[in-house]
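The values are calculated or read from the model by the stated rules, or taken from the named source; none is laboratory data. It should be emphasised that the depicted structure is a prediction, and the values quoted were computed from it without experimental measurement. All Cβ positions, even for glycine, are placed from backbone atoms using ideal geometry, and neighbour counts span all protein chains on display.
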């Protein structure tokens, strides 16, 4: 039997379904998982959609995903490999009445990761296009209730047009920074006195370059925070102007720079420290400036 195509009104429960499924995925991919995102129409509040939860995962190593294919089968997924797209791993769940789809890319595949995020964020913020997309999908679902190719072909031009506009307007630097920081974050023991990698950081400079670093924890006070390690890498490469900074804790959540790191950045840029942007919440894109959290510098 062919896949049954239905388009329904937006359901707030789609967010919960994504969150529940993302936990299962993280447990399977484990340390190979860098970031996981709710994408597609069910991730856009107010958009009518086929009730299929689309999930995108960025991983350190794509081939390592193949090693856990059987684990995905145990939770109901068909593991279809690239499925027509080089550099992807595609999985689907639910058979003809599909419920979930997973798209897995390696962390350095920004073209694919970025375009999915750009389209999602554009639809979230553009009501006119969102309503037009919903209208197109409803009409196509009526015309092609059991013809997925006809349904997809019917919306292809609209999707490609919006995707091109979305990509041209998308500022994905925070996403690039988060992925870059997570990509180097790996806890490991260097010696009986030193452990590294529990926390990672990424810096965006005025020249739009990204530098990363990890924390170095020692048995005494000789260690270094991930933020200062990233700054050291930046300075070593001949730059000293910070635009943005992000620090990632062990659980993948963002953490604010400690007092020492704030002081270090302030001394590095005493005339402009207040303009350095710091992201404190990646999911909700909460951003403050160094000036906001260091309002009364001692000098």
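A few notes on this one:
- A search for C-beta distances below 9 Å between a residue of the stretch 19-46 that is at positive phi and in contact (Cβ under 8 Å) with a residue 12 or more places away in the chain and any residue that is part of a helix (DSSP H, G or I) and surrounded by 15 or more Cβ atoms within 10 Å (Cβ to Cβ), counting only pairs 6+ apart in sequence or on different chains, returns 40/116; 40/119; 40/120; 46/130; 46/134.
- Wholly within the stretch 216-299, strands (runs of 3 or more DSSP E) carrying at least 3 residues that are touching a helix residue (DSSP H, G or I) at 6+ places or on another chain (Cβ under 9 Å): 242-248, 277-281
So that you can scan it fast, the table gives a plain yes or no per residue for (1) farther than 21 Å from residue 122 by Cα; (2) assigned to a helix (DSSP H, G or I); (3) at pLDDT below 95:
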site: 16; (1), (2), (3): yes, yes, no
site: 23; (1), (2), (3): yes, yes, no
site: 26; (1), (2), (3): yes, yes, no
site: 55; (1), (2), (3): no, no, no
site: 65; (1), (2), (3): yes, yes, no
site: 89; (1), (2), (3): yes, no, no
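- When restricted to residues that are out of contact with any strand residue (DSSP E or B) (no Cβ under 9 Å at 6 or more places or on another chain) and within 19 Å of residue 94 (Cα to Cα), the stretch 19-67 contains 4.
- Test result for residue 133, farther than 28 Å from residue 239 by Cα and loosely packed, with under 13 Cβ neighbours inside 10 Å: no
- Residues that are outside any loop (DSSP other than H, G, I, E, B), surrounded by 14 or more Cβ atoms within 10 Å (Cβ to Cβ) and within 16 Å of the chain's Cα centre (by Cα), drawn from the stretch 28-48: 29, 32, 33, 34, 35, 36, 37, 38, 39, 43
- Being within 16 Å of residue 108 (Cβ to Cβ) and either assigned to a loop (DSSP other than H, G, I, E, B) or touching a residue at least 12 places away in the same chain (Cβ under 8 Å) (or both) holds for only one residue in 176, 207, and it is 176.
- Qualifying residue in the stretch 56-64 (condition: under 30 Å from residue 128 (Cα atoms), touching a residue at least 24 places away in the same chain (Cβ under 8 Å) and crowded, with 16+ Cβ neighbours inside 10 Å): yes
- Residues of the stretch 241-259 satisfying the condition of being surrounded by 12 or more Cβ atoms within 10 Å (Cβ to Cβ) and more than 23 Å from residue 36 (Cα to Cα): 241, 242, 243, 257, 258
- Flag for residue 176 being surrounded by 13 or more Cβ atoms within 10 Å (Cβ to Cβ), over 25 Å from residue 61 (Cα atoms), modelled with pLDDT of 95 or more and touching a helix residue (DSSP H, G or I) at 6+ places or on another chain (Cβ under 7 Å): no
- Scan of the stretch 141-173 for residues that are surrounded by 13 or more Cβ atoms within 10 Å (Cβ to Cβ), in a helix (DSSP H, G or I) and more than 25 Å from the chain's Cα centre (by Cα), ordered by number: 141, 148, 150, 151, 152, 154, 155
- Qualifying residue in the stretch 73-84 (condition: under 27 Å from residue 8 (Cα atoms), over 17 Å from the mean Cα position of the chain (by Cα), surrounded by fewer than 20 Cβ atoms within 10 Å (Cβ to Cβ) and in contact (Cβ under 8 Å) with a residue 40 or more places away in the chain): yes
- Residues satisfying the criterion are present in the stretch 117-140 (criterion: in a loop (DSSP other than H, G, I, E, B) and under 18 Å from residue 48 (Cα atoms)).
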